[in-house]
Amino acid sequence: MKTTMAAAVHLGIPGLEPVPVEGCGVCEALGRQREDARRKLDLSKVSDCNVEIRNHPHGERA
(Lines give C-alpha, C1' and ligand atoms only; values in the text may rest on other atoms or scores of the structure.)
Protein backbone atom coordinates (compact mmCIF):
# COMPACT_ATOMS: atom_id res chain seq x y z
CA MET A 1 0.00 0.00 0.00
CA LYS A 2 1.45 3.35 -1.05
CA THR A 3 0.69 6.52 0.87
CA THR A 4 1.10 10.07 -0.34
CA MET A 5 0.93 13.45 1.28
CA ALA A 6 -2.04 15.70 0.68
CA ALA A 7 -1.56 18.81 -1.42
CA ALA A 8 -0.17 21.85 0.37
CA VAL A 9 -2.62 24.30 1.90
CA HIS A 10 -2.30 27.82 0.50
CA LEU A 11 -3.53 30.61 2.72
CA GLY A 12 -4.16 34.13 1.50
CA ILE A 13 -3.42 37.35 3.26
CA PRO A 14 -5.98 37.91 6.03
CA GLY A 15 -8.67 40.46 5.24
CA LEU A 16 -9.15 43.70 7.09
CA GLU A 17 -10.79 43.61 10.49
CA PRO A 18 -14.52 44.30 10.48
CA VAL A 19 -15.52 47.79 11.59
CA PRO A 20 -18.19 47.97 14.31
CA VAL A 21 -21.38 49.60 13.02
CA GLU A 22 -21.71 53.07 14.52
CA GLY A 23 -24.72 53.31 16.80
CA CYS A 24 -24.97 49.53 17.28
CA GLY A 25 -24.43 48.87 20.99
CA VAL A 26 -23.46 45.23 20.42
CA CYS A 27 -20.84 46.11 17.79
CA GLU A 28 -19.47 48.97 19.85
CA ALA A 29 -19.14 46.70 22.92
CA LEU A 30 -17.40 44.06 20.83
CA GLY A 31 -15.05 46.71 19.46
CA ARG A 32 -14.11 47.74 23.01
CA GLN A 33 -13.61 44.10 24.01
CA ARG A 34 -11.43 43.57 20.95
CA GLU A 35 -9.20 46.54 21.80
CA ASP A 36 -8.92 45.40 25.42
CA ALA A 37 -7.94 41.91 24.25
CA ARG A 38 -5.38 43.39 21.85
CA ARG A 39 -3.78 45.37 24.71
CA LYS A 40 -3.57 42.13 26.71
CA LEU A 41 -2.08 40.33 23.67
CA ASP A 42 -5.03 37.88 23.70
CA LEU A 43 -5.13 37.40 19.94
CA SER A 44 -7.57 34.50 20.21
CA LYS A 45 -10.11 36.85 21.83
CA VAL A 46 -9.35 39.49 19.17
CA SER A 47 -10.20 36.90 16.51
CA ASP A 48 -13.38 35.86 18.35
CA CYS A 49 -14.53 39.49 18.52
CA ASN A 50 -13.84 39.93 14.81
CA VAL A 51 -16.01 36.91 14.00
CA GLU A 52 -18.83 38.21 16.20
CA ILE A 53 -18.68 41.71 14.70
CA ARG A 54 -18.61 40.28 11.17
CA ASN A 55 -21.60 37.99 11.85
CA HIS A 56 -23.73 40.40 13.91
CA PRO A 57 -26.98 41.05 12.01
CA HIS A 58 -27.23 44.75 12.98
CA GLY A 59 -30.97 44.55 13.41
CA GLU A 60 -31.62 42.52 10.26
CA ARG A 61 -34.44 40.05 10.56
CA ALA A 62 -34.01 36.39 9.66
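The values are calculated or read from the model by the stated rules, or taken from the named source; none is laboratory data. Here the structure is a predicted model, which is why all the values come from computation and not from measurement. All Cβ positions, glycine included, derive from the backbone under ideal geometry; neighbour counts span all protein chains shown. For the accessible areas, the whole protein counts, side chains as well, though only heavy atoms, and no ligand, DNA or RNA atoms are used. Shrake-Rupley method; radii C 1.70, N 1.55, O 1.52, S 1.80 Å.
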Along the charge dipole of the chain, which of 27, 16, 1 sits closest to the positive end, that is, farthest toward it, with unit charges on the beta carbon of Lys, Arg, Asp and Glu (+1, +1, -1, -1)? 1
What distance in nm lies between label points placed 7 Å from Cα along the C-beta direction at residue 45 and residue 21? 2.5 nm
What is the angle, in °, between the Cα long axis of helix 25-39 and the longest principal axis of the Cα atoms in the chain? Nearest 10 is fine, range 0 to 90. 60 degrees
Nearest-ten-degree value, helix 43-55 long axis tilted from longest Cα axis of the chain: 70 degrees
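Where only protein heavy atoms count, and the probe is 1.4 Å, what is the accessible area per residue for the chain in Å²?
Details: 5480 Å² over 62 residues.
With all protein chains present, the chain gives 88 Å² per residue.
Please report the carbon-and-sulfur percent of the accessible area for the chain; probe 1.4 Å, protein heavy atoms only, DNA, RNA and ligands left out. Walk me through the numbers on the way to the answer.
Working: 3130 of 5480 Å².
C and S atoms contribute 57 percent here.
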At 222 nm, what value in deg cm²/dmol follows for the chain if DSSP H runs of at least 4 each add -39500 (n - 2.57) and the sum is divided by all its residues, to the nearest 500? -14500 deg cm²/dmol
Among (1) 4.0; (2) 3.7; (3) 7.7, the value of mean projected area of the Cα convex hull in nm² computed for this structure carries the label (3)
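If you put +1 on each Lys and Arg Cβ and -1 on each Asp and Glu Cβ, how big is the dipole of the chain around its Cα centre, in Debye rounded to 20?
Around 300 debye, computed over the chain.
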Could you sort 2, 40 by accessible area so the largest value comes first, with the probe set to 1.4 Å? 2, 40
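Can you tell me the relative contact order of the chain? Whole percent, Cα pairs under 8 Å, sequence separation 6 or more.
The normalised contact order for the chain reaches 30 percent.
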